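Read-outs throughout are calculated quantities, based only on the coordinates presented, and are distinct from any laboratory measurement. Only a predicted model underlies this, so the values are computations on that prediction, with no experimental measurement involved. Note that we place each Cβ from the backbone using ideal geometry, even for glycine, and neighbour counts take in every protein chain shown.
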Amino acid sequence: MFTSLLCTFTLLFPLGHASLPLVINTWAFKNATAAAWSVLQSGGSVLDAVQEGCARCEVEQCDGTVGYGGSPDESGETTLDALIMNGDTMEVGAVADLRRIKNAIGVARAVMERTDHTLLVGESASLFAENMGFPAEDLTTNKSVNIFSQWLGSNCQPNYRKNVFPDPSQHCGPYKPRAMLEERERARHANVHSHDTIGMVAVDGDGHVAAGTSTNGMNHKVPGRVGDSPIVGAGAYADSSAGGASATGDGDIMMRFLPSYLAVELMRTGADPSAACKMAITRIKRHYSEFFGAIICANTTGHYGAACNKSPGFSQFHFMVSNSESDAPLLKSVDCF
Ligand SMILES: *[C@@H]1O[C@H](CO)[C@@H](O)[C@H](O)[C@H]1NC(C)=O
Ligand SMILES: *[C@@H]1O[C@H](CO)[C@@H](O)[C@H](O)[C@H]1NC(C)=O
Ligand SMILES: *[C@@H]1O[C@H](CO)[C@@H](O)[C@H](O)[C@H]1NC(C)=O
């Protein structure tokens with residue numbers, strides 16, 4: 001899935017080379033990195049950089065997992081989650097289960113700057129966005145219709161239901177509860193192919209930090225499902241007195257551990273960014289040894305790192321970095337542990 005992206009492999013650069021300003025983001029989403037970097041280069045703020053970077057992925061439908069036309073839910077609809085955080089003021093804006101609006105990170109920014117709230121959800125979030133002037137558009141594409149109809153054609157499998165009876169005639173919903181069984185192996189569904197949120201951290205020359213995320217969630221999710229991406233401290237966290245972090249992977253599990261918050265707090269106490277990332281993953285691993293997930297971390301001096309959990313089909317995590325070490329965004333990778 002990464003081979004189609006034309007990125008310079010620069011494994012010779014050791015992780016953690018530091019210089020400011022810095023943009024770092026999850027996965028090989030190079031154009032997002034470049035967009036954020038160009039905002040910083042032209043004197044824009046770290047918030048603007050994170051917003052533009054994530055918005056680029058929303059437009060490009062990065063890996064089909066960000067923006068419109070991906071990850072149709074059980075009813076075939078694409079819904080979006082996004083978050084943005086200002087590490088100077090600790091303000092956060094987020095949206096979840098957003099419908100009909102393509103620019104989810106833009107709406108998150110509007111929640112932060114045009115309301116006293118932090119998180120708006122569902123249909124009401126969409127109405128807020130429309131009132132703020134975001135165009136209402138259909139998020140469905142031929143591709144998302146295809147994903148959805150293939151899933152219907154395979155009796156709505158795989159799905160995220162457990163301990164329920166499906167309608168016997170359709171093998172799909174409506175579902176009825178039944179006696180609790182053992183939890184099924186989640187890794188089968190929440191794998192590297194179903195969830196590649198963009199998460200981004202930007203740090204400027206004065207150490208101001210911002211972080212953000214944008215995603216369309218998981219294929220065939222139960223309608224109403226919200227992942228980790230729009231949850232502050234889970235999908236991302238920023239504090240200009242410590243650093244920033246952003247996580248990606250099986251959000252249903254990861255959000256239970258607030259990995260981005262944990263990593264930033266560890267960096268505050270002096271942990272190296274790579275070590276902080278690793279510790280945040282280790283905390284989850286204790287309970288879910290095979291969970292799919294990764295995290296990026298950066299501190300206020302521009303040192304950065306990443307970590308991922310070794311799980312079926314996932315042994316190496318790719319992420320992008322832009323700083324003054326190079327003219328173009330660098331593709332980096334870290335081996336999962
Ligand atoms: C990245 O941007 C370039 C230049 O605009 C474009 O040609 C390319 O298709 C983009 N990559 C992706 C994955 O969209
Ligand atoms: C989507 O599918 C319809 C018919 O199924 C077709 O007419 C249309 O050109 C397709 N659109 C794209 C963008 O492929
Ligand atoms: C950032 O991390 C590096 C590498 O561990 C460390 O040398 C540096 O002091 C840290 N910066 C801050 C502000 O803690």
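Per-residue HN-Hα couplings for the stretch 82-89, Karplus 6.51 cos²θ - 1.76 cosθ + 1.60 at θ = phi - 60°, whole Hz, x for Gly and Pro?
Running phi through 6.51 cos²θ - 1.76 cosθ + 1.60 with θ = phi - 60° gives 7, 8, 9, 9, 9, x, 7, 9 Hz.
Quick one: work out the % antiparallel among DSSP beta bridges in the chain, nearest 5.
90 percent
When a/c is below 1.5 the answer is rounded, else prolate if a/b is larger than b/c, else oblate, so apply that to the chain with a ≥ b ≥ c taken from the square roots of the Cα gyration tensor eigenvalues.
prolate
Answer rounded, prolate or oblate for the stretch 190-296, using the Cα gyration tensor with square roots of eigenvalues a ≥ b ≥ c: rounded when a/c is under 1.5, else prolate when a/b is larger than b/c, else oblate.
oblate
Quick one: how many lysine pairs in the chain have C-alpha atoms under 13 angstrom apart, if they're 8 or more apart or on different chains?
5
What residue among Leu120, Leu22, Leu152 shows peak mean-square fluctuation when the chain is described by a Gaussian network model with Cα springs under 10 Å?
Top of the fluctuation ranking is Leu152.
What net charge is computed for the residues neighbouring Phe29, neighbours being all others with C-beta under 10 Å from the C-beta of Phe29, Lys and Arg scored +1, Asp and Glu -1?
Around Phe29, the charge tally is -1.
From the phi of every residue in the stretch 109-122, what ³J(HN,Hα) in whole Hz does the Karplus formula 6.51 cos²θ - 1.76 cosθ + 1.60 yield, where θ is phi - 60° and glycine or proline is x?
Per-residue couplings from phi come out as 4, 5, 4, 5, 9, 10, 9, 8, 8, 10, 9, 10, 10, x Hz.
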